[in-house]
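Input: a single structure, listed below in structure tokens.
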Amino acid sequence: MKSPNTGRRSRLFTTAVGGLALLVLTACSGGSSNGAGGGTTKSVDMAAELKKPATIEFWSWLDGIEDEVKLFEKKYPNIKVKVVNAGQPSAEYPKLRTALKAGSGAPDVVQLETHEVPSFTITKSLLDLAPYGADKIRSKFPGWTWDQVSQGSSVYAIPQDSGPMGMLYRKDIFDKYHIKVPTTWAEFATAAEKLHKADPKAYLTNIPPTNGTVYTGLLWQAGSRPFKSTTATNLRVGIDDSAARKVSDYWSGLIESGNVSTDPDFNDQWYRGLASGKYATWLTAAWGPMFLQGTAKKTAGKWRVAPLPQWNAKEPASGNMGGSTSAVIRTSKHPAAAAALAQFLNSDPASTKMLASKQSLFPATTAQLNDPKFLDQSLPFFGGQKVNRVFSDIAKTVKTDFTWSPFQDYVFNTFNETVGKAMTRRQNLTAALTQWQDSVTGYAKKQGFTVS
């Protein structure tokens, strides 16, 4: 299960600006021409290329990733990999963009959060991996995961882990106040009112005002589709579509009534809230359970896992929150070796098992998601529940047609300034949703997009 670097990292606006739309052709048209730096539209003879000596550099924030790299080097002894920890995303991305702008100092392979892939694709910074065999491993990944890294026939990264969303809940609190595990959002609202009335210091959940990934995951689940690129320079922005308004109206009611809290997450106050029982649930991703075990150790045995409450109980759905990838920088002098590393790390059975067991990443491959050893692990912290199996089933309900913007950092940053502020002030979120829409639309137009 994934560590929460997505949730914790500072939402600094690091996206390159100026003329983005002029560079969107590769990202939106599905063309696979990469230009300079080893890109090609023809299939590469990987067997021949991987016999050639090469030394490549790999940036990753994962502790212990060297172990998986050693597996790769054992299989391909002529290729040497220098692993560099360039810091968490908020530190890595500025370094990467600086190197790309300077034309030197960029790695061959880089770890990127899934939602950041479009922002580097649009600037033509990433190599199309399809000619290097990536198109042949498509079937190893769930469709919605693969769709996050591909455009048409082009593939710009390989999924490493994912974050389907579920609900972690305190069974002891639910039992104490005779609260049934909510399966619909209507039941959730009723439970929130019941708990807070019984204990004014307790809340059914916390909705963070400084973490747009949580709210975006909830929008995803509800069917909101805020972005779609229709042509190279056309972008549809629908942050305030009908599904998003439904979600905002719902949470407005809970927030304005005081039945849920709106504390910033991933700080000391929030950690204490998880440990003390202030929050009876945590709406989070598949990496959350492992993180919680280290954060609220004294609550061991009191937690359980369930799917998110549903808008339509007959059509189970979830959103995604987090996840990362391995991408190859287009200017790599050894594109075949770099592409092979990105693919091996995230599709080789031994490597993916190691990522799931040693780094505790929630798998992105179908094989690992269906591995009995992975699925049948019982976690004492969750009362012996088979947590992986719950989230593996949830992963099957994530819809495939969600896409990110080409400037997602800006989108998250303006979430904090609009919807996030409304949460903190306990004001109407739907009005703030319109402000968020207007801000992002204005920014997209300044970057040269025709917005619809």
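The values are calculated or read from the model by the stated rules, or taken from the named source; none is laboratory data. Just so it is clear, the model here is predicted, and its values are computed rather than measured. As a convention, Cβ positions derive from the backbone with ideal geometry for all residues, glycine included, and neighbour counts pool all protein chains shown. Just the protein is used for accessible areas: all its heavy atoms, side chains included, with ligands, DNA and RNA removed. Shrake-Rupley method; radii C 1.70, N 1.55, O 1.52, S 1.80 Å.
In percent, rounded to a whole number, the relative contact order of the stretch 175-253 is 17, using alpha-carbon pairs under 8 Å and six or more apart.
Stretched out straight at 0.36 nm per residue, the stretch from Asn370 to Gln427 would grow longer than its current Cα-Cα span by 16.2 nm.
Placing a label point 7 Å from the Cα of Lys201 along the Cα-to-Cβ line, the residues of the stretch 259-278 whose backbone N sits under 15 Å from it are 272-278. The portion of the accessible surface of the chain made up by carbon and sulfur, rounded to a whole percent, is 53 (1.4 Å probe; DNA, RNA and ligands excluded). Report, in degrees rounded to the nearest 10, the 0 to 90 angle that the Cα long axis of helix 212-222 makes with the longest principal axis of the chain. Here the helix axis deviates by roughly 80 degrees. Rolling a 1.4 angstrom probe over the protein heavy atoms with all chains in place gives the chain an accessible area of 38 Å² per residue. Note on Asp438/Asp401: beta-carbon distance plugged into 1/(1 + (r/R0)^6) with R0 of 30 Å gives a FRET efficiency of 0.75. Here r is the Cβ-Cβ distance between Lys176 and Glu417 and R0 is 56 Å; the resulting FRET efficiency, rounded to 0.05, is 0.90.
Each other residue within a Cβ distance under 12 Å of Gln368 adds +1 if Lys or Arg and -1 if Asp or Glu, for a net charge of 0. Around the amide H of Val237, modelled in the peptide plane, lie the amide H atoms of Ser452, all under 5 Å away and 5 or more residues distant in sequence or on another chain. Can you match Cα extents along the principal axes in Å to one of these, (i) 90, 66, 44; (ii) 90, 53, 35; (iii) 68, 49, 39, based on a calculation from the structure here? Among (i) 90, 66, 44; (ii) 90, 53, 35; (iii) 68, 49, 39, the one calculated here is (iii). Applying the Karplus relation 6.51 cos²θ - 1.76 cosθ + 1.60 with θ = phi - 60° to the stretch 238-248 yields 3J(HN,Hα) values of x, 4, 9, 5, 4, 5, 5, 5, 4, 5, 5 Hz, where x marks Gly and Pro. Take every Cα pair under 8 Å whose residues are at least 6 apart in sequence, average their separation, divide by the length of the stretch 66-210, and the relative contact order is 12 percent. If the segment from Asn234 to Ser90 were pulled out straight at 0.36 nm per residue, it would be longer than the present Cα-Cα gap by 49.0 nm. Peptides 57-67, 193-203, ordered by how many other C-beta atoms sit within 10 Å of their residues on average, highest first, read 57-67, 193-203.
Taking the longest Cα principal axis of the chain as reference, the axis of helix 89-102 is set at about 30 degrees.
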